[in-house]
Structure formats: structure tokens, C-alpha cells
1. Somewhere in the range 144-152, is a residue modelled with pLDDT of 95 or more, of a type in the set (A, V, I, L, M) and more than 16 Å from the chain's Cα centre (by Cα)?
2. Assess whether A213 counts as being crowded, with 18+ Cβ neighbours inside 10 Å and over 13 Å from M117 (Cα atoms).
3. For L142, which of the numbered conditions (1) exposed (fewer than 12 other Cβ atoms within 10 Å of the Cβ); (2) farther than 24 Å from R100 by Cα fails to hold?
4. Please determine whether any residue of the range 67-77 is buried (at least 18 other Cβ atoms within 10 Å of the Cβ), in contact (Cβ under 8 Å) with a residue 60 or more places away in the chain and closer than 16 Å to L142 by Cβ.
5. So how many residues does the range 53-100 have that are farther than 23 Å from R118 by Cβ and of a type in the set (G, A, S)?
6. Among the residues of the range 24-63, write down those that are under 30 Å from R137 (Cβ atoms), touching a Leu at 6+ places or on another chain (Cβ under 9 Å) and not aliphatic (A, V, I, L, M).
7. I'd like to know if the range 160-181 contains one or more residues that are surrounded by 12 or more Cβ atoms within 10 Å (Cβ to Cβ), touching a helix residue (DSSP H, G or I) at 6+ places or on another chain (Cβ under 8 Å), modelled with pLDDT under 95 and at positive phi.
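The values are calculated or read from the model by the stated rules, or taken from the named source; none is laboratory data. Computed from a predicted model, the values in this text were never measured in an experiment. Here Cβ is always computed from backbone atoms with ideal geometry, including for glycine, and neighbour counts include all displayed protein chains.
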Amino acid sequence: MVDYATNAPSTAEPHDGQVALGAPRRRTQQERRETTIGRLIDATISVIAEVGYANASLGVICERSGVSRGGLFRHFDSRLDLMVATAAEVGKRHIAHARRQLGELRAPTILEALRLMRDRHRNVENVVWFELMVAARTDPDLRIRLSETGRQFFADIVDAARLIPGTELFPAEDLEMLVNTLEHTFDGEAIRREIAPDPVAEDRRLELAAEFAEFLIMRRFNATKPADTPSTTD
């Protein structure tokens with residue numbers, strides 16, 4: 001505090017409810033909790049991307065995050081809980097990024113939108129989903145938990161697709177089928193290209209997918225146009 005009469009530092013202590021000038025604001029318990037969880041999830045993402053799900057031990061994750069095992073278990077009851085929370089967070093980031101980029105394009109073409117979608121499927125964060133989906137095949141507990149998280153994630157992807165001009169012509173079930181088909185295509189491509197990359201074929205596949213989607217949109221559009229009224233003669 002400052003004694004403004006002398007412009008010198010005051011020795012008086014701040015009274016209750018008064019904050020000393022220049023003193024940093026103390027973080028709330030909720031803010032500290034969110035920061036710790038964020039560090040754990042970021043560490044889990046990077047560890048899975050580097051060494052895979054099977055080798056992503058809690059010890060390695062704690063070391064990477066700088067959070068003790070005790071600190072980890074204050075927020076997550078098990079490794080499974082941490083993994084599912086990480087998958088959910090990756091899904092949220094995926095959707096937020098896609099919505100932001102589609103919004104920046106304002107009126108994206110189908111090809112631009114599909115290129116964004118493909119890039120997100122290749123993003124290092126999305127490796128978490130690949131690793132967990134493969135592991136879920138032989139892990140019943142993970143399969144049950146991940147399927148619940150996945151349903152919400154996939155529904156959010158379809159919802160984000162509504163930002164693309166032309167998709168308003170599709171009923172919900174048709175748009176969901178189209179988006180899911182593209183998801184499976186890009187997921188498979190992202191995995192296969194690790195051992196057999198083929199940029200030329202990948203770009204042609206993207207163009208073909210865009211042409212097919214444009215064809216479906218145009219067919220829907222033509223179906224909504226009123227039929228020509230036959231002319232009458234006197």
C-alpha cells in the first residue's frame with residue numbers, strides 16, 4: 001500500500017476485504033483444479049501420440065505433466081477414467097477447431113470443408129481416438145465407456161457439418177450417413193498412410209468425395225424445385 005500524503009510506501013496492513021496494490025490475484029480452487037486436469041490431459045495426449053495407448057502408463061503421464069500420482073487420483077479414479085476424459089476433450093477440441101475454421105471461411109465450398117475435415121483426422125490429437133478405438137476391441141470396459149463418449153462426439157461432428165452450405169437440403173438421417181461415410185474414409189486413410197502414403201491418390205480421393213457430395217446436394221436441390229406448370233392453350 002502507499003501513503004498518498006507522502007507518496008511513500010505505507011506500513012499499514014490492508015484491512016479485511018482490501019487487496020494490496022500489485023498483489024497477484026490468487027487462483028480459485030476451481031481454477032487450480034482445471035489447470036491440473038488440463039496438464040494431465042495434455043500429457044496423456046502427447047504420451048499416447050508418442051508411445052501408444054498400451055505404453056501410456058500413469059507414471060509416464062505424471063512425469064510428463066508434473067503432477068504426482070496422488071494429484072492424479074484426486075481428479076481421476078482410474079487410468080480408464082483419465083483415458084475416457086482425454087478422448088472427450090480431444091473431441092471437444094476437434095469440434096471447436098472445425099467450427100472456428102468453417103466460420104472463418106464463411107461460405108466454404110464442399111472441397112474446402114472436406115479438406116478441413118481430413119486435416120483434423122490427421123491431427124496428432126486425433127491419434128488418441130485411433131489408439132483407444134483399437135484398444136477397445138479387446139477391452140470391454142473401455143469399449144463401453146468409449147462408445148458413450150463416441151456417440152456424443154460423432155453427433156457433434158454431424159451438427160458441425162450443418163455449417164457447410166447445401167447441407168440444409170439433407171434430412172438428418174441422410175446427412176449423418178454421408179458424414180459418417182466420410183469419417184470412416186478419412187480415419188482409414190489416416191492410418192493406412194502411415195505405412196503407404198500416396199499424396200496423389202489421397203488428393204484425388206478428396207476431390208472424388210467432394211464431387212459425390214456436390215452431386216447429392218444438386219440432386220436434393222433439384223428435387224425441391226417446383227415442377228414446371230404445363231402451359232395451357234386457348
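1. Yes, because at least one residue in the range 144-152 is modelled with pLDDT of 95 or more, of a type in the set (A, V, I, L, M) and more than 16 Å from the chain's Cα centre (by Cα).
2. Criteria met by A213.
3. (1)
4. no
5. 11
6. T44, Y53, C62
7. So far as the range 160-181 goes, yes, one or more of its residues are surrounded by 12 or more Cβ atoms within 10 Å (Cβ to Cβ), touching a helix residue (DSSP H, G or I) at 6+ places or on another chain (Cβ under 8 Å), modelled with pLDDT under 95 and at positive phi.
Let's see how each residue does on (1) free of Cβ contacts under 8 Å to residues at least 40 places away in the same chain; (2) closer than 11 Å to I45 by Cα; (3) surrounded by fewer than 16 Cβ atoms within 10 Å (Cβ to Cβ):
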| site | (1), (2), (3) |
| --- | --- |
| S65 | yes, yes, no |
| M83 | no, yes, no |
| H94 | no, no, no |
| R100 | yes, no, yes |
| M117 | no, no, no |
| H121 | no, no, no |
